[in-house]
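**Q** Here you go, one structure.
The values are calculated or read from the model by the stated rules, or taken from the named source; none is laboratory data. Because the structure is predicted, anything quoted here is derived from the model rather than measured. A quick note on method: Cβ atoms are made from the backbone with ideal geometry, for glycine too, and the neighbour counts reach across all protein chains shown. Areas reflect the complete protein model, heavy atoms only, side chains present, ligands, DNA and RNA absent. Shrake-Rupley method; radii C 1.70, N 1.55, O 1.52, S 1.80 Å.
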Amino acid sequence: MNYIIIDTETTGLCSYTDELLQVSIIDMNGEVLFNEYIKPIKAECWSEAQKIHHISPEMVEDCKNITEYIDTIQSIIDKAEMIVGYNVFFDVGFLEESGVVFNDKEYFDVMTCFAEIYGEWNDYFQDFKWQKLTTCARYYKYVWVDEAHNALADCRATLFCYKEMTGNG
C-alpha cells in the first residue's frame with residue numbers, strides 16, 4: 001500500500017482564513033516527495049504562528065505561492081492510498097482549502113491514536129487529551145535531526161512515531 005506522511009506550517013489555525021507557509025510530504029522510507037516554503041497570497045505577517053515555527057515573512061517573500069504547487073501536490077496525493085499525519089485533518093483542511101482534492105483516501109492520525117496510548121484523560125471532552133508531536137516523539141525516544149515545527153522535521157518525527165505505534169518499522 002502506498003502511504004505518505006504530510007505536514008504543513010501555516011499563518012494560523014483556521015484553514016478558511018489562514019494560509020500555508022510550508023508543505024512537506026515524505027514516503028514510508030523517509031524519502032522527500034515534496035518540501036517547499038510557500039509565499040502567502042494575502043497574509044503579510046503572522047507573528048503568533050511565527051513564534052512557534054519561526055517562518056518569517058522574509059523567509060518566504062521570494063517563494064512561489066501555493067497555486068504554483070497544486071498540480072505537483074495533487075499528483076503525489078493521487079498516488080497515495082493512505083495519508084498519515086499528526087493531526088492529519090488540520091493539514092488536509094489547509095490543502096483542500098488551497099485546491100487539493102483527497103478523493104477516497106484513507107487516513108491515519110498519529111495524534112488521536114497516541115492520545116489513547118498516552119492515556120491522559122480530559123474530563124471536559126470525555127476523551128483522551130491530544131498531546132503535542134514533541135511529547136509523542138519523546139515517548140517513543142525519537143531523536144530530532146532538525147528542529148520541531150518545521151514541516152519536514154515533523155514529517156520525519158511522525159513517520160518514526162507511526163512505525164513505533166503500529167509495528168510497521
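**Q** Which residue is nearest to Ala153 (Cα to Cα), if the candidates are limited to the stretch 29-39 and must be open to solvent by less than 40 Å² (accessible area, probe 1.4 Å) and touching a Phe, Trp or Tyr at 6+ places or on another chain (Cβ under 8 Å)?
**A** Applying the first criterion (open to solvent by less than 40 Å² (accessible area, probe 1.4 Å)) to the stretch 29-39 yields 30, 34, 38.
Those still in the list that are touching a Phe, Trp or Tyr at 6+ places or on another chain (Cβ under 8 Å) too: 34, 38.
On the way: Phe34: 13, Ile38: 16 Å.
Top of the filtered list is Phe34.
**Q** Starting from the stretch 90-102, take each residue that is closer than 14 Å to Thr11 by Cα and list its partners that are open to solvent by less than 20 Å² (accessible area, probe 1.4 Å) and part of a helix (DSSP H, G or I), counting only C-beta distances under 6 angstrom and pairs at least six apart or across chains.
**A** Listed pairs, sorted by first residue: Ser98/Ile66.
**Q** Now for a different question. Quick check on my filter: what residues within the stretch 125-141 are free of Cβ contacts under 8 Å to residues at least 24 places away in the same chain, open to solvent by less than 60 Å² (accessible area, probe 1.4 Å) and within 20 Å of Gln22 (Cβ to Cβ)?
**A** Thr134
**Q** Sticking with this one: Does the stretch 43-56 contain any residue that is without any contact (Cβ under 8 Å) to a residue 24 or more places away in the chain and open to solvent by less than 20 Å² (accessible area, probe 1.4 Å)?
**A** Yes, there is a match, as at least one residue in the stretch 43-56 is without any contact (Cβ under 8 Å) to a residue 24 or more places away in the chain and open to solvent by less than 20 Å² (accessible area, probe 1.4 Å).
**Q** If you check Val84 against the conditions, is it β-branched (Val, Ile, Thr), under 26 Å from Tyr162 (Cα atoms), touching a Ser or Thr at 6+ places or on another chain (Cβ under 8 Å) and open to solvent by 40 Å² or more (accessible area, probe 1.4 Å)?
**A** Values: β-branched (Val, Ile, Thr): yes; under 26 Å from Tyr162 (Cα atoms): yes; touching a Ser or Thr at 6+ places or on another chain (Cβ under 8 Å): yes; open to solvent by 40 Å² or more (accessible area, probe 1.4 Å): no.
Criteria not met by Val84.
**Q** Does the stretch 108-120 contain any residue that is within 26 Å of Ile38 (Cβ to Cβ) and open to solvent by 20 Å² or more (accessible area, probe 1.4 Å)?
**A** yes
**Q** Find all pairs meeting these conditions: Cβ atoms under 8 angstrom apart; at least six residues apart or on different chains; first residue within the stretch 143-159 and in contact (Cβ under 8 Å) with a residue 40 or more places away in the chain and assigned to a loop (DSSP other than H, G, I, E, B); second residue open to solvent by less than 20 Å² (accessible area, probe 1.4 Å) and acidic (Asp, Glu).
**A** His149/Glu9; Asn150/Glu9
**Q** Restricting the stretch 11-27 to residues that are in contact with a helix residue (DSSP H, G or I) (Cβ under 6 Å, 6 or more places away or on another chain) and either in a loop (DSSP other than H, G, I, E, B) or among the hydroxyl-bearing types (Ser, Thr, Tyr) (or both), which is farthest from Ser47 (Cα to Cα)?
**A** Ser24
**Q** Restricting the stretch 112-142 to residues that are part of a helix (DSSP H, G or I) and among the polar types (S, T, N, Q), which is nearest to Val88 (Cα to Cα)? Can you show your working first?
**A** As a first pass, look at the stretch 112-142 and keep what is part of a helix (DSSP H, G or I): 112-118, 133-139.
Of the ones still in play, those that are also among the polar types (S, T, N, Q) are 112, 134-135.
On the way: Thr112: 9, Thr134: 15, Thr135: 17 Å.
This residue is Thr112.
**Q** Within the stretch 160-169, track down each residue that is touching a residue at least 24 places away in the same chain (Cβ under 8 Å) and assigned to a loop (DSSP other than H, G, I, E, B).
**A** Across the stretch 160-169, the qualifying residue is only Asn168.
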